Amino acid sequence: MGKVSMKLINEEGLRHDGRRPDEMRPVTMEVGVLSNSDGSALVSFGRTRVLAAVYGPREPPQRYMILPDRALLRVRYHMAPFSTSERKSPAPSRREIELSKVIREALEDIVLTHLYPRTSIDIFIEVLQADGGTRTAAVTAASLALADAGIPMKALVAGVAVGKIEGVLVLDVDEIEDGSGEADMPVAAAPDIGKITLFQLNGVLTREEIERGLDMALNAIQKLVEMEKEVLRKKYTFNV
Ligand code: ADP
């Protein structure tokens, strides 16, 4: 993507959409949005909107995929052709294949796969609208969809990206900031067990900036996980 030449931090220190550097976009979370999957969730971070659908534990489609001691976790991350301003080819790109792996690795150590040997748990991620931060919104949606499917996990996971624009560290970068920023650092974590499950850095940050950025991300992730719990509680608490 080409660099955009516009001022992204104004004189008051606010970002192009009026946010403070440590402010997230408005976040919404819904679970059980699809009736044909075992679990599902729809998550928005501002204009970024991601759907996750979970199927399983179920028999793997091919016998050779069977793992004798645990479930096979499969993740497909896909961007809908209408999710970007310029139509994206529906065929899986290298980026989508890589992100499917990154998202799977962000969940693999969290799901108690040993409880379901010889099965597969399939997570389909569909980016409905992309405005930056789709991989971290995807991990957040997948965590909710797994919980909605009743699949036991060590803890809930959420993610957010920290970026650096015009020398300032900012939380939850959108597409404009991502396209012209100096660095982008997506993070996902399970705060209840103190585990970082995804950490990437595109660009250059000093050691001090990485530490500060990580603190910003983990603070936000803690709040996102609280929000996940609230959404699940709302759906699964019955008044008798
Ligand atoms: P993330 O979505 O996790 O931030 P990237 O850092 O690769 O991943 O950012 C890509 C962003 O660029 C997307 O979120 C989206 O807003 C935007 N984008 C626009 N067109 C495309 C495209 N064809 N493929 C991928 N991303 C695109």
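Here are the numbers:
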read-out: Qualifying lysines (Cα of each under 24 Å from Cα of K7; at least 8 residues distant if same chain); value: K164
read-out: Cross-link partners of K234 among lysines (Cα-Cα below 30 Å; sequence separation of 8 or more within a chain); value: K154, K195, K223
read-out: Share of pairwise Cα separations in the chain, more than 29 Å, in percent; value: 28 percent
read-out: Between the stretch 45-104 and the stretch 149-178, the Cα center-to-center distance that results, in Å; value: 18 Å
read-out: Sites matching chymotrypsin sites (Phe, Trp or Tyr not before Pro) across the stretch 144-240 that sit in DSSP coil, with at most 14 neighbouring C-beta atoms within 10 Å; value: F238
read-out: Residues listed by number, the stretch 192-226, amide nitrogen under 13 Å from R233 label point at 7 Å toward C-beta; value: 225-226
read-out: Within straight-line cross-link reach of K88, lysines at Cα separation under 22 Å, skipping those fewer than 8 residues along the same chain; value: K3, K101
read-out: Length gained when the stretch R118-I66 is fully extended (0.36 nm per residue, less Cα-Cα span); value: 18.2 nm
read-out: Under Karplus coefficients 6.51, -1.76 and 1.60, residue-wise ³J(HN,Hα) of the stretch 167-172 in Hz, glycine/proline x; value: x, 10, 7, 10, 8, 6
read-out: GNM result for the chain, Cα springs below 10 Å: residue of E166, E226, E12 fluctuating most strongly; value: E12
read-out: Under-5 Å amide H pairs with I165, H placed in peptide plane, nonlocal only; value: V170, E182
read-out: Test item: Cα-centred dipole of the chain, Lys/Arg +1 and Asp/Glu -1 on Cβ, debye; value: 800 debye
read-out: Net length gained if the chain between R207 and V168 were fully extended (0.36 nm per residue, minus Cα distance); value: 12.6 nm
read-out: Whole-Hz ³J(HN,Hα) from phi, Karplus 6.51 cos²θ - 1.76 cosθ + 1.60, for the stretch 64-78, glycine and proline x; value: 5, 7, 5, 10, x, 10, 6, 7, 8, 9, 10, 10, 10, 9, 9
read-out: Label point distance in nm, S35-E11, each placed 7 Å from Cα along Cα→Cβ; value: 5.7 nm
read-out: Karplus (6.51, -1.76, 1.60) ³J(HN,Hα), θ = phi - 60°, over the stretch 26-34, in Hz, Gly and Pro reported as x; value: x, 10, 10, 9, 9, 10, x, 8, 10
read-out: Helical segments meeting 30 Å axial Cα length and Kyte-Doolittle -1.0 threshold in the chain (DSSP H); value: 207-236
read-out: Computed over the chain: relative contact order in percent, which uses C-alpha pairs under 8 Å that are six or more apart; value: 21 percent
read-out: Highest-fluctuation residue, Y77, Y64, Y116 considered, GNM on the chain with Cα pairs under 10 Å; value: Y64
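Every number here is computed from the coordinates shown, using simple stated rules; none is lab data. Please read these numbers as outputs of a predicted model, since none were measured by experiment. Note that each Cβ is placed from the backbone with ideal geometry, even for glycine, and that neighbours are counted across all protein chains shown.
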